[in-house]
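Coordinate-derived values only; no laboratory data. Predicted, not measured: the structure shown is a model, and the values here were computed from it. For neighbour counting, all protein chains shown are included, and Cβ atoms are generated from backbone atoms with ideal geometry for every residue, glycine included.
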Amino acid sequence: MASCADLRCATDKWMVTLEIVVGVEERTFHVHEKLLRSRSAFFEAALSKEWKEGQARKVELPDDDVDAFESYARWLYNGKLAVIQTDGQTDDDLLAALYAFGEKALDETFQNRVIDAIVAGTRDEIPAATTGGGDSGSWYPTKKTVDYIYRHTPEGSPARRLMVDTHALKGWEQWIDTDRPESNNHEFLVDPAVALFRKRVVSVEAIGEHKELDTGAACSYHKHKDGRCAGKKE
């Protein structure tokens, strides 16, 4: 039987909090160390004793989005994405920032939940994992969202593929700024063109035939481990 000292030691490990300083405004958050390290490979490495952050029990993230980290911290504790909804539309710009932060944190389970929210938004749904009010309504990633995803994810990212498919299979010409072509993400513009050639779209009806976006099968855009979606329970 464990002694009181043993139990206290185990409890102490869960109660230790870290100081996370985020953004240029240097907003400070306090998150339980074991929870953060258990979900994020980035923080697990950053808090090792070999790193100065591990010795100081403090991590500074000056280049990261404050709202994104706050939403991530809330998700760690309650499993819900803290996404603002206005007039029935999920804030896709924040979702892009959340996905990008998940990329940095190396938390694939979190990234997959963000993808679920994006895909659900394209199907006239308010994501079940999202908190907040508002009526349901479909929306698609904006030019700003696409640019953010492309600037903060590597080539071949599932989120990039989702941006490409929503434009190649569901998009309209108005989605591309022809008045100011330099404002479009040029790296992104190549990908939908290639996707259209690969899919050999020959009719308007064919454009709408896409199982993943029409049925909400977001798994196609998830990150996987050993053939399964990261974080998915059997």
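Give me the net charge for the shell around Tyr77: Cβ to Cβ below 15 angstrom, other residues only, Lys and Arg +1, Asp and Glu -1. Kindly include the intermediate steps, with their values, before the conclusion.
Values: positive: Lys34, Arg37, Arg39, Arg74, Lys80, Arg113; negative: Glu33, Glu70, Asp107.
That works out to +3.
Step through the table entries Lys104/Lys144; Lys34/Lys144; Lys143/Lys225; Lys144/Lys170; Lys80/Lys170; Lys58/Lys144, compare each Cα-Cα distance with 25 Å, and write down the pairs that go over it.
Where the Cα-Cα span goes over 25 Å, the pairs concerned are Lys34/Lys144; Lys143/Lys225; Lys80/Lys170; Lys58/Lys144.
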